[in-house]
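Working notes, structure below.
Where a number appears in this text, it was derived from the coordinates with a stated rule and is not lab data. Given the structure is predicted, the values throughout are model-derived calculations rather than measurements. Cβ atoms come from the backbone with ideal geometry, glycine included; neighbour counts cover every protein chain shown.
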Amino acid sequence: MIQSHEEPDIAVTDQPLAPQGPIPVTVVTGFLGAGKTSLVNRLVATRADQERIGVIVNEAGEIGLDGQLLGDSTDDVIEIADGCVCCTSQGELLDSIRRLHAVAGRLDRIIVETSGLADPGPVVDALASITHVLRLDTMVAVIDAAHALDQLDRIKSPEARQQVQLATHVVVSKIDLVDDDAIDAVRARVYALNPAAQVIAAARGDLSSDLLLDSFSLTAADHDDDPGIGHGHDHDHAHLDVEIFSLELEGELDEGRWESWLGALIMLRAPDLFRIKAILALAGEPRRQIVHGVQTYVESAPGRDWEPGEPRTSRIVIIGKDLESERWRDELERCAVG
């Protein structure tokens with residue numbers, strides 16, 4: 001195991017880590033005692049014969065233990081002790097990633113396990129700053145079925161709520177300790193905080209890695225004819241704790257105006273943005289443009305060709321809070337060509 005208590009000896013530069021393209025990163029968050037380390041162990045163990053995985057562990061305290069607990073799963077572990085990722089500089093996180101890569105050699109994937117007290121937003125910001133090096137794969141929040149409602153509502157932990165709201169996937173752990181009604185109540189509460197999340201119930205981290213890895217991708221979005229929020233939920237939006245801003249625009253969008261609109265939205269509203277998803281018809285482009293984003297992190301890439309005679313329609317969905325939707329809707333409509 002590599003302990004990173006001393007200053008990292010690899011500088012962050014603009015040079016990519018490897019020519020094979022950005023390395024996918026899975027961020028695992030969750031409140032104290034939710035079962036993050038058990039889940040990370042499971043993910044590493046089930047992918048060990050397919051991928052070389054590096055792990056960065058955060059421990060909010062002077063003596064780190066999580067790295068030792070992960071020692072049986074992988075030797076490619078860097079532990080950032082005495083503070084959590086969200087409280088230390090982004091440079092330390094990025095330096096740790098580079099140091100891990102330099103020591104371990106070419107990695108196929110990196111898993112970052114944050115402290116239970118971490119706001120995952122700064123982690124997303126760090127990844128957004130080096131998209132030529134790393135690609136956000138999934139944001140996983142682990143919540144304890146027996147205590148999640150307490151943490152989210154009675155204690156109203158801002159960290160617990162932020163972890164759920166920014167997650168692409170929420171794993172409800174320790175379901176063997178509660179009944180079905182309790183699990184349903186937790187699912188409903190998660191949906192109210194994050195209607196775009198995929199919610200997966202599991203006992204002690206026992207689930208397929210395929211459910212969590214390689215699923216938040218532009219390729220998957222390209223085959224999704226509806227960029228809206230769906231996952232089989234049937235709830236009144238009035239019961240949500242967040243705002244869903246959705247718009248469908250017929251015709252094509254001017255690419256420069258769209259990029260300016262999105263850049264302004266991120267710059268002014270980033271802390272309140274939880275998810276961005278869009279399929280765009282850009283003027284002069286023969287293919288759809290697929291957009292996926294979490295807070296400040298946004299991926300955009302060409303998708304499938306538009307079929308001859310097919311109506312070119314852009315569909316945008318944004319989930320967040322206090323978004324001033326009417327203002328952004330009016331400005332987005334001005335991105336239309338013609």
Return the lysines within reach of LYS321: Cα separation strictly under 17 angstrom, same-chain partners fewer than 8 residues apart disregarded; answer none if there are no such residues. LYS156, LYS277
List the equivalent ellipsoid semi-axes of segment 242-333 in whole Å, largest first, each obtained as the square root of 5λ for an eigenvalue λ of the Cα gyration tensor. 23, 13, 11
Going by how many other Cβ atoms sit within 10 Å of their own, how do VAL294, VAL142 line up, fewest first? VAL294, VAL142
If neighbour count is taken as other Cβ atoms inside 10 Å, put PHE216, PHE274 in order from fewest to most. PHE216, PHE274
So for each of 38-46, 305-313, 243-251 I average, over its residues, the number of other beta carbons within 10 Å; can you give me the resulting order with the highest mean first? 38-46, 243-251, 305-313
If you take every residue apart from GLN151 with its C-beta less than 15 Å away from the C-beta of GLN151, what net charge results, scoring Lys and Arg +1 and Asp and Glu -1? 0
